[in-house]
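These notes concern the structure reproduced below.
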Amino acid sequence: MKLVCTDLDRTLLPNGEQPESAHARPILWHLLKTYSVSLAYVSGRDLQRVLDAIDEFQLPKPDYIVGDVGASLYIQEGDGWVHNTEWETTISKNWYGHDSLGIKAILKDIHWLQDQEEDRQSRYKRSYYYQKSADETALVDTIEARLIEKRIKASIVLSHDPEKGVGLLDVLPLSATKREAVLHIQSMCQLTTAEVMFAGDSGNDVLALCAQYPGVLVANADAPTTDTVKASLRESSEPASTYLAKGGLEVAGYDALNGNYSAGIVEGLMHFRPQWLEHLHDEAWVSSAMHSAVKLRNASGRHPA
């Protein structure tokens, strides 16, 4: 494995209802360091909110940030982030000169939709709330008909916010998905599909989870996403490339990992790279991982996340 791509909220970040295995993230970071694995955060957040999460949860600085559900891509350069204009040029062709404000004008009178906050919008992503009682099929059909009239090629991504109890709907250029962004990074890095892994938990991760490269659905994933991924695996004629974390992975000197959040990512890595399991059974290696976490805490004055 040369590149791990992961969603943030409720995948890497333990900001859901389920408990986190406290030792999972130190183990994950030590695995990536041991094997010099590159890291990409692939999120619905914009760049600033990704950077806020890195600070709040003391995450390692990644090599790549995919924001806005795939509509933006940034590459680490020194202490800053460089916007990948090649990616923006690629996805902009789908919208024939329109941007987010143009999409807003086209869809303005669809009563099911409510604009998300301005800081949730970006140039090539239009984001809405909708009530979970809405007829999702009719909603998507209505949006698609409006966009087709304007020759706009778009993907419509549905997910849910369990905290607010509402549906989330993103309108993106057809090629601006998390899956396509991961494939773009794979191509940039000249990696094979077997060298890339994606981890996710919710509806806007499904396409990326069910791609040709290895994927892992963390154990705390919501039920609709789990059902959709299982159905996709049943219908696929290709060998299964998505692993569903379930917990129970043994770690020397600690409780077994529960499969939630980063524990699920570790479990997925062990599934696709079983030769790495020897580290989790090695008390000295695990101790080194935890010691690295303590050094991080002492250096920052905060508890490591």
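The values are calculated or read from the model by the stated rules, or taken from the named source; none is laboratory data. As the structure is a computational prediction, the values presented were derived from the model and not from experiment. Cβ: placed from backbone, ideal geometry, glycine included. Neighbour counts: every protein chain shown. Heavy atoms of the whole protein, side chains included, go into the accessibility calculation; ligands, DNA and RNA do not. Shrake-Rupley method; radii C 1.70, N 1.55, O 1.52, S 1.80 Å.
Things to note:
- Single residue of 51, 73 found to be within 20 Å of residue 213 (Cα to Cα) and either out of contact with any Gly (no Cβ under 6 Å at 6 or more places or on another chain) or in contact (Cβ under 8 Å) with a residue 40 or more places away in the chain (or both): 73
- Screening residue 176 against (1) surrounded by fewer than 22 Cβ atoms within 10 Å (Cβ to Cβ); (2) at pLDDT below 95 leaves a single unmet condition, (1).
- Considering only residues in the range 216-226 that are at pLDDT below 95 and not aliphatic (A, V, I, L, M), the one that is least open to solvent (accessible area, probe 1.4 Å) turns out to be 225.
- Those residues of the range 141-198 which are β-branched (Val, Ile, Thr) and assigned to a helix (DSSP H, G or I), in sequence order: 142, 143, 148, 182, 185, 193
- Number of the exception - residue 101 against (1) farther than 25 Å from residue 9 by Cα; (2) of a type in the set (A, V, I, L, M, F, W, C); (3) in contact with a helix residue (DSSP H, G or I) (Cβ under 9 Å, 6 or more places away or on another chain): (3)
- Only one entry in 243, 213 is in a loop (DSSP other than H, G, I, E, B), among the hydroxyl-bearing types (Ser, Thr, Tyr), surrounded by 15 or more Cβ atoms within 10 Å (Cβ to Cβ) and out of contact with any Leu (no Cβ under 6 Å at 6 or more places or on another chain), namely 213.
- Pairs with Cβ under 9 Å, 6+ apart, first in the range 145-157 and more than 16 Å from residue 168 (Cβ to Cβ), second assigned to a helix (DSSP H, G or I) and open to solvent by 50 Å² or more (accessible area, probe 1.4 Å): 152/146; 153/93
- Exactly one residue out of 269, 277, 233, 244 is free of Cβ contacts under 8 Å to residues at least 24 places away in the same chain, within 20 Å of the chain's Cα centre (by Cα) and at negative phi: that is 233.
- For the range 44-74, a tally of residues being of a type in the set (Asp, Glu), open to solvent by 20 Å² or more (accessible area, probe 1.4 Å) and within 15 Å of the chain's Cα centre (by Cα) returns 2.
- Qualifying positions in the range 21-43 - open to solvent by 30 Å² or more (accessible area, probe 1.4 Å) and not aliphatic (A, V, I, L, M): 29, 33, 34, 35, 36, 38
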